Each structure stands twice: as C-alpha cells, then as structure tokens.
Amino acid sequence: MNLKLKRPIVFFDLEATGVNVASDRIVEYSFLKINTQGEKKELTARVNPQIPIPIESSVIHGIYDDDVKDCSTFKEQAQKIKDFIRDCDLGGFNSNRYDIPLLAEEFLRAGVDFTLDGINTVDVQVIFHKMEQRTLSAAYKFYCKKELENAHSANADIVATYEVLEAQVERYKDLGNTVEELTAFSSNSRNVDFAGRMVLNDDDDIVFNFGKHRGKKVSEILKNEPSYYNWMLKGDFPLYTKKKLKEIKERLGASKLLDKFNL
C-alpha cells in the first residue's frame, strides 16, 4: 500500500436526487474503509430519499423511484453510517465540494451531529485536476490503465477513486503519502462552511463571502447587526452553514462573558 496512514481513512461516494446540497437527498452511498495495515471494509446501501428522483438524475446514476421505494430512510441508517466513519479521515472524488457537504446536511437533518474538527479530508479530484486536468473516468484510465465500468455506480466510482489515489501517490513522489500531506495538497479553499458563505481572509479572520457584508468580519456583524444572524438562521442556507454561524455566535458570547468579569 502506497498510502501511509496514522488512522483509518474512509473513501466514499454519494448518488443523489440532484446537486443542490441544501435541498437534494442521498439515494445511494458506498463507503470503503482502509485501515492502517491496508485491510478494507465496505458499506454500501440505497436510501429512500422521501422525495421524487428527477428523471435527469436517474438517467445519470440509474436509480429510479421504484428502486428505492422500499429502502429505509437516511435517518434510519444515519447511526450505522456514523459508526462506520467514526475516528476516520475522509476521502473521495470532488468530496470536499459535494459529498462531504451533502453527507453533513443529511446527518444534521437526521439529528446526528457532524463535524470535521480533527478530521483530514483528501479530495482525489483536486489532486488530479492540479496534476492532469481530467475527469474520474479519464483519471482511472490514465493512472490505472483500465476502463471504468459502470461509471456513476457509487461502488464502482469509489473503488476507482481509491485505486486512482494509490496510483497518484506512487506516481508523484513529491506528493507525500500521509493523509495530512494529501489533505493539504487537495484543499482548494479557505471555507469555514462547505457552501463558502464564510471564509478565512488573509489574516485568518472569519469574514462573510456573500451579500452586502462580503469581506466583513462575521464577529463584527453579529455584534453590530444581530438581526443579520436571525435572518441567516431563517433563510435558505445549508444547515451546516447555520451550524458554523451558531458556533461563532456562541464563542462570541463566551468572549463577552470573560470580558465582563475581566477573566
């Protein structure tokens, strides 16, 4: 195994009703856990999204309403998934922009807390695009010298993703082979939340990245315009964005309390 692991890493792929993280739902998932010795364990299942699957999505991944009508919901499967990925780093193909945000939304909708604190995330697509500028099928052919069969099947895609990363680590000797090194290389943003509504500026301050307060410190807006906080919580923002905003407000409240008592 080319990867050097300090703890297990889980590669995963999600098929969904669409690409809107805030409103679409998972219809199939596949997780591939690699432990520090290279042993593998898989968890794959379909999910009843409880909303219709648009035909344009079904044409891509081959999953239709009738295929999932008798499946359990994500909420019913959430704890099993959480237990499978517990204490693991995460990896995938375009996972930082899509799969991880979508998984976070589903967990939060199910009432299961989700955080990336202390978790490394390796996005194989970012490494690939920085190195070769291609798609997953092309990456599989380029790195593994094989054609990707059953593309857009969650299981086929995620197995291919893992094999591509193994080949990348072998091919690019200066890339590194630890999850920490791969996370640093595949990270493409300074987002505080997955949707990028809040980001870190050059001074590592958390600032808004949209609307009338773009570029302004979130802490200052929360102090001077508390109605903006309420507007965001009631607005059509992803649940994870609201979760991070609440955390910032809670830290701000704790800081005020310390100042009050000169602590």
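The values are calculated or read from the model by the stated rules, or taken from the named source; none is laboratory data. The shown structure was predicted, so the numbers you read here are calculated from the model rather than taken from an experiment. Positions of Cβ are generated from backbone atoms using ideal geometry, with glycine treated the same way; all protein chains shown enter the neighbour counts.
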Every residue from region 96-139 that is in contact with an Asp or Glu (Cβ under 7 Å, 6 or more places away or on another chain) and in a loop (DSSP other than H, G, I, E, B): Ile119, Asn120
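For region 170-192, enumerate the residues that are of a type in the set (Gly, Ala, Ser), out of contact with any Lys or Arg (no Cβ under 9 Å at 6 or more places or on another chain) and not in a loop (DSSP other than H, G, I, E, B). First the steps, then the outcome.
Going through region 170-192, the residues of a type in the set (Gly, Ala, Ser) turn out to be 176, 184, 186-187, 189.
Of the ones still in play, those that are also out of contact with any Lys or Arg (no Cβ under 9 Å at 6 or more places or on another chain) are 184, 187.
The answer is Ala184, and nothing else.
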Go through (1) over 17 Å from Thr121 (Cβ atoms); (2) among the small types (Gly, Ala, Ser); (3) in a strand (DSSP E or B) for Gly91 and report which single condition fails. (1)
What single numbered condition from (1) surrounded by fewer than 16 Cβ atoms within 10 Å (Cβ to Cβ); (2) over 30 Å from Leu233 (Cα atoms) fails to hold for Ile9? (1)
Residue pairs, Cβ under 9 Å, 6 or more apart or interchain, first in region 231-248 and modelled with pLDDT of 95 or more, second buried (at least 17 other Cβ atoms within 10 Å of the Cβ) and polar (S, T, N, Q). List them. Met232/Thr241
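Hey, among Ala167, Ala195, which residue is among the small types (Gly, Ala, Ser), outside any strand (DSSP E or B) and under 25 Å from Leu102 (Cα atoms)?
Numbers: Ala167 fails: under 25 Å from Leu102 (Cα atoms).
The conditions single out Ala195.
May I ask you to list the residues in region 232-248 that are part of a loop (DSSP other than H, G, I, E, B), out of contact with any Pro (no Cβ under 8 Å at 6 or more places or on another chain) and buried (at least 17 other Cβ atoms within 10 Å of the Cβ)? I'd like the intermediate steps shown before the answer.
Going residue by residue through region 232-248, those that are part of a loop (DSSP other than H, G, I, E, B) are 235-238.
With the extra rule that they be out of contact with any Pro (no Cβ under 8 Å at 6 or more places or on another chain), the set shrinks to 235-237.
Result: Phe237, single match.
In region 169-194, which residues are under 15 Å from Ser95 (Cβ atoms) and either surrounded by fewer than 16 Cβ atoms within 10 Å (Cβ to Cβ) or modelled with pLDDT of 90 or more (or both)? Give the steps one after another, and end with the answer.
Within region 169-194, the first condition is being under 15 Å from Ser95 (Cβ atoms), and the residues that meet it are 179, 182-183, 185-189, 191, 194.
If the condition is that a residue be under 15 Å from Ser95 (Cβ atoms) and either surrounded by fewer than 16 Cβ atoms within 10 Å (Cβ to Cβ) or modelled with pLDDT of 90 or more (or both), then Val179, Leu182, Thr183, Ser187, Asn188, Ser189, Asn191, Phe194 are the ones that fit.
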Hey, among the residues in region 65-98 that are among the β-branched types (Val, Ile, Thr) and free of Cβ contacts under 8 Å to residues at least 60 places away in the same chain, which one's nearest to Val169 (Cα to Cα)? Ile81
Would you check which residues across region 27-42 are assigned to a loop (DSSP other than H, G, I, E, B) and touching a helix residue (DSSP H, G or I) at 6+ places or on another chain (Cβ under 9 Å) and list them? none
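Scan Leu116, Leu136, Leu108, Leu90 and give me the residue that is crowded, with 23+ Cβ neighbours inside 10 Å and within 22 Å of Asn20 (Cβ to Cβ). Break it down stepwise before answering.
On the way: Leu116 fails: crowded, with 23+ Cβ neighbours inside 10 Å; Leu136 fails: crowded, with 23+ Cβ neighbours inside 10 Å; Leu108 fails: crowded, with 23+ Cβ neighbours inside 10 Å.
Every option except Leu90 fails the conditions.
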Which condition number in (1) surrounded by fewer than 22 Cβ atoms within 10 Å (Cβ to Cβ); (2) touching a strand residue (DSSP E or B) at 6+ places or on another chain (Cβ under 8 Å) is the one that Ala156 fails? (2)
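Do we find that Thr161 is among the polar types (S, T, N, Q), in the same structural domain as Lys82 (by TED's automatic domain parsing) and either free of Cβ contacts under 8 Å to residues at least 12 places away in the same chain or not in a helix (DSSP H, G or I) (or both) in this structure?
On the way: among the polar types (S, T, N, Q): yes; in the same structural domain as Lys82 (by TED's automatic domain parsing): yes; either free of Cβ contacts under 8 Å to residues at least 12 places away in the same chain or not in a helix (DSSP H, G or I) (or both): no.
No, not satisfied.
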Listed by first then second residue, the pairs whose first member lies in region 124-139 and is within 17 Å of Ser153 (Cβ to Cβ), whose partner is modelled with pLDDT under 85 and among the aliphatic types (A, V, I, L, M), with beta carbons under 8 Å and at least 6 positions apart or on separate chains, are Leu136/Ala151; Ser137/Ala151
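How many residues are assigned to a helix (DSSP H, G or I) and either without any contact (Cβ under 8 Å) to a residue 60 or more places away in the chain or not assigned by TED's automatic domain parsing to the domain that holds Asn150 (or both) if we restrict to region 43-64? Steps first, answer last, please.
Taking region 43-64 first, the residues assigned to a helix (DSSP H, G or I) are 55-61.
Filter again for either without any contact (Cβ under 8 Å) to a residue 60 or more places away in the chain or not assigned by TED's automatic domain parsing to the domain that holds Asn150 (or both), leaving 55-59.
Residues that pass the stated criteria total 5.
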